[in-house]
């Protein structure tokens, strides 16, 4: 699984993982509302910090973030990809005797329902669809000035 996805608090990871901001800087939001400009002054990310200090590059970066939100997080496009992958691995998940979650939890996570599981924590039981839709909405409404940058 992608470490950035884990660090961003993607479904099933509760925001744990590598990628936390360094030098005491706290992220502005997490998971769904993780600020795309988080960690601009993080000494553990010197290249990113220097590149995004250039106004033209920062602007281009935010344009690309918006393009990803518009196109790649659109469930009409992402949903069929998830469905194909679900079909490829569902039988293996069912047969796995050492899985951390139940088959039902897997099906909820990759299903077409957007609602989070009622018996889980705030992000733990969230489906990929719910995460993609909410993250997309956040990024499409993102305003740099609001974030104080």
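The values are calculated or read from the model by the stated rules, or taken from the named source; none is laboratory data. Values in this document were obtained by computation on a predicted structure and should not be read as measured data. We place every Cβ from the backbone using ideal geometry, glycine too, and count neighbours over all the protein chains shown.
Key figures
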read-out	value
Considering residues of region 66-81 that are part of a helix (DSSP H, G or I) and in contact with a helix residue (DSSP H, G or I) (Cβ under 6 Å, 6 or more places away or on another chain) only, the residue surrounded by the most Cβ atoms within 10 Å (Cβ to Cβ)	69
Count - residues of region 42-65 that are in contact (Cβ under 8 Å) with a residue 60 or more places away in the chain and surrounded by fewer than 13 Cβ atoms within 10 Å (Cβ to Cβ)	0
Lone unmet requirement of (1) exposed (fewer than 14 other Cβ atoms within 10 Å of the Cβ); (2) more than 18 Å from residue 31 (Cα to Cα); (3) at pLDDT below 95 for residue 105	(1)
Flag if residue 147 is under 30 Å from residue 55 (Cβ atoms), surrounded by 14 or more Cβ atoms within 10 Å (Cβ to Cβ), modelled with pLDDT under 95 and more than 15 Å from the chain's Cα centre (by Cα)	yes
Positions within region 102-114 being assigned to a loop (DSSP other than H, G, I, E, B) and in contact with a helix residue (DSSP H, G or I) (Cβ under 8 Å, 6 or more places away or on another chain), in sequence order	111, 112, 113, 114
